[in-house]
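Asks: A single structure is presented below for examination.
Any read-out appearing in this document is the output of simple, stated calculations on the displayed coordinates, not a laboratory observation. Here the structure is a predicted model, which is why all the values come from computation and not from measurement. Note: ideal-geometry Cβ built from the backbone for every residue, glycine included; neighbour counts use all protein chains shown.
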Amino acid sequence: MANKTIKGFHDTNIVVKTSHTNLTVDENATLMSGKVDPGSGPGATVMEDITKTPIPSHNTFNINGEIIGYEIGLMTGGVQDAINIGKTGEIEGAVAVYAIGDKTHIENQGHLVATAFDSGAAALVTAGNLSHVQNDGSIEGFIGISTMSGDGVTVVNGDNGVIRAVLAAVSMQTNMGSASTFINHGTLLVTATNAGTDTFAFAGGSGNETVTNDGTMTGNVGLGAGDDKLTNSSMIDGFVDLGDGANVLKNHGGTICGPILGSCGTEGSFTAGLGLIPELPVDVL
């Protein structure tokens, strides 16, 4: 494995062209670039060479300093890459981190910021299957975390994890027939001043999502289509929309501060336990 440590200030793209590379950004380093590396796709400050066949893979990125991207801060495209953002690490860009490949493992203890505020802007984006995201730091953006169509994706927001977003803190666009998992121990917060029916602490897709909350979710929960399961033992400050499919909601000792909705034809079960639910559902079995 090749090891490379980047220190100081750099205003050019850093492109990883080989597999099994261990790239470390020193805590005193600042990398920033709005340039596009010729032939290597979008303007990412740190990136794998996604034009190569096969794309470099099995690389490890240890980010302890600052990365600033005009378009993307850090982009990977290979399989089984690892991205570790340390406590002193910060990545910002229109999209802070964009991980395309399957089985990408991302751990954040630092700070991720999406600087673009439109419907497609997310601080952290994954697009592969079987990827894993662990957040123990802070994430901010129009969307916090977006998993795009991947199967078998797991996202965990740890005890110290904070995800702030305008539209959706976590958006898992699971494909029909696929499954994904979200576990929240920390804090999800929708910050839109006009937060309403189109803003979500968690938004699901067409597949089967399993959502477990023992932290604080300030915002709505929309599970979309598919056979979904929501278990709440803490606070959901918003409505819950189970959507279509054979869904299960278990509220064990938790609080849901809004109505619980289900679409026509929804089949499933509802268990209140010892929780507090101000408005009981009218169309959920």
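Asks: Cα to Cα, under 21 Å, and not fewer than 8 places away if on the same chain: which lysines meet these conditions relative to Lys103?
Replies: Answer for Lys103, where 21 Å is the Cα cut-off: Lys17, Lys52, listed by chain and number.
Asks: Suppose a student asked you for the relative contact order of the chain, using Cα pairs under 8 Å spaced at least 6 residues apart; what percent would you report?
Replies: Details: 1032 pairs, mean separation 23.8, N = 285.
Relative contact order here is 8 percent.
Asks: By the gyration tensor of its Cα atoms, with a ≥ b ≥ c the square roots of the eigenvalues, what is the shape of the chain: rounded for a/c under 1.5, prolate for a/b over b/c, or oblate? Let's see the in-between values first.
Replies: On the way: a/c = 2.38, a/b = 2.00, b/c = 1.19.
Prolate.
Asks: Please arrange Thr216, Thr199, Thr18, Thr174 by counting, for each residue, the other beta carbons lying within 10 Å of its beta carbon, fewest first. Walk me through the numbers on the way to the answer.
Replies: Details: Thr216 17, Thr199 20, Thr18 13, Thr174 26.
Neighbour counts put them in this order, fewest first: Thr18, Thr216, Thr199, Thr174.
Asks: Based solely on C-alpha atoms, express the radius of gyration and the Dmax of region 135-256 in angstrom.
Replies: My reading of the Cα-based Rg and Dmax gives 12.7, 35 Å.
Asks: I've got another one for you. Note down the nm distance, to one decimal, between modelled labels 7 Å out along Cα→Cβ at Thr53 and at Met176.
Replies: 3.2
Asks: Follow-up question, since we're still on this one. Based on the alpha-carbon gyration tensor of region 44-83 and its eigenvalue square roots a ≥ b ≥ c, which shape applies: rounded if a/c is under 1.5, prolate if not and a/b is larger than b/c, or oblate?
Replies: Oblate.
Asks: What does the charge count around His111 come to, taking other residues whose C-beta lies under 10 Å from its C-beta (Lys +1, Arg +1, Asp -1, Glu -1)? Present the calculation step by step, with values, prior to reporting the outcome.
Replies: Numbers: positive: Lys87; negative: Glu66, Glu90, Glu92, Glu140.
So the surrounding residues net to -3.
Asks: Taking the Cβ-Cβ separation of Cys257 and Leu130 as r and a Förster radius of 35 Å, what is the calculated FRET efficiency to the nearest 0.05?
Replies: 0.50
Asks: Please compute the net charge surrounding His185, taking Lys and Arg as +1 and Asp and Glu as -1 over other residues with Cβ under 14 Å from its Cβ.
Replies: -3
Asks: A further question follows. If we count other beta carbons within 10 Å of each Cβ, what is the order of Val190, Val79, fewest first?
Replies: Val79, Val190
Asks: What FRET efficiency comes out for Phe117 versus Ala2 if R0 is 51 angstrom and r is the Cβ-Cβ distance? Round to the nearest 0.05.
Replies: Computed FRET efficiency for Phe117 and Ala2: 0.85.
Asks: While we're here: Relative contact order for region 79-155 using alpha-carbon pairs under 8 Å, separation at least 6, rounded to a whole percent?
Replies: Relative contact order, region 79-155: 30 percent.
Asks: For region 104-247, what does the relative contact order come out to in percent, with C-alpha contacts under 8 Å and a separation of six or more?
Replies: Contact order relative to length: 17 percent.
Asks: Now, a different point. Can you put Met176, Met75 in order, fewest other beta carbons within 10 Å first? Walk me through the intermediate numbers first.
Replies: Values: Met176 12, Met75 24.
Going from least to most buried by this count: Met176, Met75.
Asks: Could you size up the charge dipole of region 101-179 around its Cα centre, putting +1 on the beta carbon of Lys and Arg and -1 on that of Asp and Glu, and report it in debye to the nearest 20?
Replies: About 80 debye.
Asks: While we're here: Which of Ala116, Ala203, Ala192 moves most in a GNM of the chain, Cα contacts under 10 Å?
Replies: The residue that fluctuates most here is Ala192.
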